[in-house]
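Here's the structure, in structure tokens; my notes come after.
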Amino acid sequence: MPVGELVFANVVDQRVYLAQGEGGQPGIYVLTLPGRTLPFVAHRAWKVPTGLVSEEFRLVAPSGRVAYRWGPNVRRMLGSMDLTVENDLIEDTELAEVGTYLASFILEDQVLGEIETPVFLQTPEKQLPKHVEDGLKRSDVIWVGLDVKADRELGGRNSVSGKLVPAWFA
């Protein structure tokens, strides 16, 4: 007997989710293969009896292997008369293939729902923004790094985490 019911689920790129919400076009974007995906949101709406359950999310690649596994994590469900809505931002995924993945939503080791989620290879911009290109023309060295706390690229030398390195280029 199933633990509960998955009413609605979607796997949406974070940019699409911020613009259109949980009903946005499903999809995950990767910049290189193999490579790290851009952040995406796993949205679920559950009808499950009140209590704690173990929840898991998996992405199965077109080749059939499990490419990503999130969980199991313990979640508190509101009850069968209320929807328990979960939105998780996933930022640590590395995928090796593009194509249609199968997203599996699992409670207490039971697969309660699966949806197809396309993974796209996003092509880079053909040209850098003008202000970046002008700055690069005037310098022989740039400081590049990663702000670990915010997990975003920096363009200056004042890093809280101290993870900046000089990069010389011609």
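The values are calculated or read from the model by the stated rules, or taken from the named source; none is laboratory data. Source: prediction; values computed, not measured. Don't worry about glycine lacking a Cβ; one is built from the backbone with ideal geometry, like all the others, and counts go over all protein chains shown.
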Requested in this report: Look through Val53, Val48, Val12 and report the one residue that is closer than 12 Å to Thr117 by Cβ and out of contact with any helix residue (DSSP H, G or I) (no Cβ under 6 Å at 6 or more places or on another chain).
Outcome: Val12
Report task. Take Arg36 and decide whether it is in contact with a Ser or Thr (Cβ under 9 Å, 6 or more places away or on another chain), modelled with pLDDT under 95 and in a strand (DSSP E or B). Result -> yes
Report task. Show the residue pairs that are 6+ apart or on different chains and have beta-carbon atoms under 9 Å apart, the first residue being within region 88-117 and assigned to a loop (DSSP other than H, G, I, E, B), the second being acidic (Asp, Glu). Result -> Glu91/Asp151; Glu108/Glu55; Asp109/Glu56
Report summary line: Note: among Glu55, Glu22, just one is within 18 Å of Ala103 (Cβ to Cβ) and surrounded by fewer than 19 Cβ atoms within 10 Å (Cβ to Cβ), namely Glu22
Query - Those residues of region 26-55 which are under 15 Å from the mean Cα position of the chain (by Cα) and charged (D, E, K, R), in sequence order - result: Arg36, Arg44
Query - Criterion (loosely packed, with under 14 Cβ neighbours inside 10 Å and either out of contact with any Phe, Trp or Tyr (no Cβ under 8 Å at 6 or more places or on another chain) or among the polar types (S, T, N, Q) (or both)) met by exactly one of Pro62, Pro72, Pro49 - result: Pro49
Query raised in the report: Do we find a residue being touching a His at 6+ places or on another chain (Cβ under 8 Å) and either surrounded by 14 or more Cβ atoms within 10 Å (Cβ to Cβ) or among the polar types (S, T, N, Q) (or both) anywhere in region 97-119?
Result: no
Query raised in the report: Among the residues of region 7-17, is there at least one that is in a loop (DSSP other than H, G, I, E, B), modelled with pLDDT of 95 or more and not charged (D, E, K, R)?
Result: no
Query raised in the report: For region 41-54, does any single residue satisfy the condition of being in the same structural domain as Ile106 (by TED's automatic domain parsing), without any contact (Cβ under 8 Å) to a residue 60 or more places away in the chain, among the hydroxyl-bearing types (Ser, Thr, Tyr) and not in a helix (DSSP H, G or I)?
Result: yes
